[in-house]
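Before any comments, here is the structure.
Just so it is clear, none of the values below were taken in a lab; they were calculated from the coordinates. The structure presented is a predicted model; accordingly, all values stated were derived computationally and were not measured. Cβ coordinates were reconstructed from backbone atoms using ideal geometry, including for glycine residues, and neighbour counts include every protein chain displayed.
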């Protein structure tokens, strides 16, 4: 699968990064992915290094194994941050070139801000839907940067990101819709828009989006390929690093920010259910998995690597979606169970058996 995605997505994107000048993408690349890439596709890791060195990739801080940070104990949060930071530098000669931190699944909570500040991170990105739930649709920032307790929180546009991620629209389509809709939102003042999604959206999930979206976007909003001395095709439209937005737009202080992720709706916030795909109050399967994982985490000192791996958000994701794949969750459950003492295994056996008995099927599991 790594080789397939490298061919469909990572190499084409890196080729575009090499081809065009005058822009910067912001990216999160977890340690767990880098380990697989180094083994199977080391040229991709080399491509990341070149892009960072050439200023075309703003690399954020991250976590080693992609956990839902607000849902795991602080000592595991610290270990995830330190493992990712240290091993990226030691094994891959990769260091963040900004003060931003990527929270997996955009799972934000003010409870993690103090910890991030202790590690000298100064900003993150959250989805704007939880913000809308608190402050209203017209409050989403476009000419200011939200700040909570001295920590900047950039808002990812749920609307525009999901429209592009659907794969239904070409760049020309999106550009036309933006030209129609955005002026009524911004009033034609200088503004910014943050669009964020999995890189695999381009080329892997939607094979056509490399050629129908990314390439024409770069051609029109950045300029022509390297070596052709032609100015930007569209004055005023730029693709810049997130951190650079702090230079051009003032801070806007707020005293409250709701917990939430990319999947959190206004309805979820009203139900006090900010992480519905990972910690739903009414899903017994996810409850059982947390019960098992939290028991295993009591053995962190003796099984550090295993404990980092069992907190990956993917284990809950695969039993939280339509077309779910419980066997991918069960790998994590098996690893967690293997950490336990014999007495603890007896205590948790019934829950473990229920998890291991789950079968693949196709019903909508995340509509609670």
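What to note about this one:
- Note on residue 300 and residue 134: their simple-model spin labels are 2.6 nm apart, each label 7 Å out from Cα toward Cβ.
- Altogether, the Stokes-Einstein calculation at 25 °C and 0.890 mPa s, with the Kirkwood radius of the chain over Cα pairs as Rh, returns a diffusion coefficient of 112 µm²/s.
- Full-extension gain in nm, residue 343 to residue 272, via 0.36 nm per residue minus C-alpha separation: 22.0 nm
- Over the range 6-115, all Cα pairs binned in 5 Å intervals from 0 give whole-percent P(r) values of 2, 11, 22, 23, 19, 12, 8, 3, 0, listed from short to long.
- For the chain, the longest principal axis of the C-alpha atoms and the axis of helix 284-296 are separated by about 80°.
- For the range 284-356, the square roots of the Cα gyration tensor eigenvalues, ordered a ≥ b ≥ c, give a/c of at least 1.5 with a/b no greater than b/c, which places it in the oblate category.
- Tilt relative to the chain, helix 31-40 - C-alpha long axis, 0 to 90 degrees, to 10: 80 degrees
- Helix 171-186 and the longest principal axis of the C-alpha atoms of the chain enclose an angle of approximately 90°.
- Residues listed by number, the range 135-149, amide nitrogen under 17 Å from residue 253 label point at 7 Å toward C-beta: 144-149
- Helix-only [θ]222 nm of the chain, DSSP H runs n ≥ 4, -39500 (n - 2.57) each, per residue, nearest 500: -12500 deg cm²/dmol
- Relative contact order for the range 284-356, counting Cα pairs under 8 Å that sit 6 or more residues apart, in percent: 42 percent
- Within the chain, DSSP assigns beta bridges of which about 25% are antiparallel (rounded to the nearest 5).
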